[in-house]
Amino acid sequence: MATTGMEVGVARTKVALIGALFLAACGGPPPGPPLAPMASTPSPAAVAPVPAVPAAPSAAAPAVTGSTPAAAVAVVVPAGALYACVVDTHGERQISAIELDPKVAKICAKDPEMGPCQYARDTCRRGGGRVFAPGGREITRATEAEYDRHVIRIRLQSN
C-alpha cells in the first residue's frame, strides 16, 4: 500500500503539532513581574505593639552594635517576651513583642535555632524590623547563620 504525499504531509503536521503542544505544556507560563511581599502574611508569631519610644541617643544607655546608626539606643524586651521587633520609621522607634504560641515559646527558650523561632524572627525582618533578645542583644543574620551551623549535622556534597 503506497502512501501519497498528502498523507505524509498530514502525518508530519500532526507530529509537529503534538511536539509543539508538548513543549508548550512543559514550559509553563512566562515569568511575570516580581510580586511585592504581602503585608498581612499569617504567621505563628503575632506582633503585639508596645508604646513607641523616640529614637534619641542617650549617653547613659549602653551601645548595641547593629547595621544602622539608630542602634545606639538600648532596646528593652517587653516582659514575658523572648524577642522584640524594633522598627525605626521616620525617626521614631516602635518596639513590639514577638508573641509565640506557649509550646513554641518553650522550645525557643531552650533552643533558639529551631525553625519556628527563626520563622518568627524572619517575619519581623520582612517587615523592615530588627530582632532583639532579652538583654538588648540583637539577633542578626550572622547569628542566624551560627544557629544554622548548630542545627546542620550533615552536609551532602555533590560532585
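Considered as a group, the residues in the stretch 128-159 that are in a helix (DSSP H, G or I) and of a type in the set (Val, Ile, Thr) include one that is modelled with the lowest pLDDT, and that residue is Val151.
When the residues of the stretch 102-127 are narrowed to those that are in a loop (DSSP other than H, G, I, E, B) and touching a strand residue (DSSP E or B) at 6+ places or on another chain (Cβ under 9 Å), which ends up surrounded by the most Cβ atoms within 10 Å (Cβ to Cβ)? Filtering first and then ranking leaves Pro112.
Pairs meeting the criteria (first residue in the stretch 105-121 and touching a residue at least 12 places away in the same chain (Cβ under 8 Å), second residue surrounded by fewer than 14 Cβ atoms within 10 Å (Cβ to Cβ) and assigned to a helix (DSSP H, G or I), beta carbons under 8 Å, at least 6 apart or on different chains) are Glu113/Asp148; Glu113/His150; Glu113/Val151; Met114/Val151.
The values are calculated or read from the model by the stated rules, or taken from the named source; none is laboratory data. Given the structure is predicted, the values throughout are model-derived calculations rather than measurements. In this analysis, Cβ positions are derived from the backbone assuming ideal geometry, glycine residues included, and neighbour counts consider all displayed protein chains.
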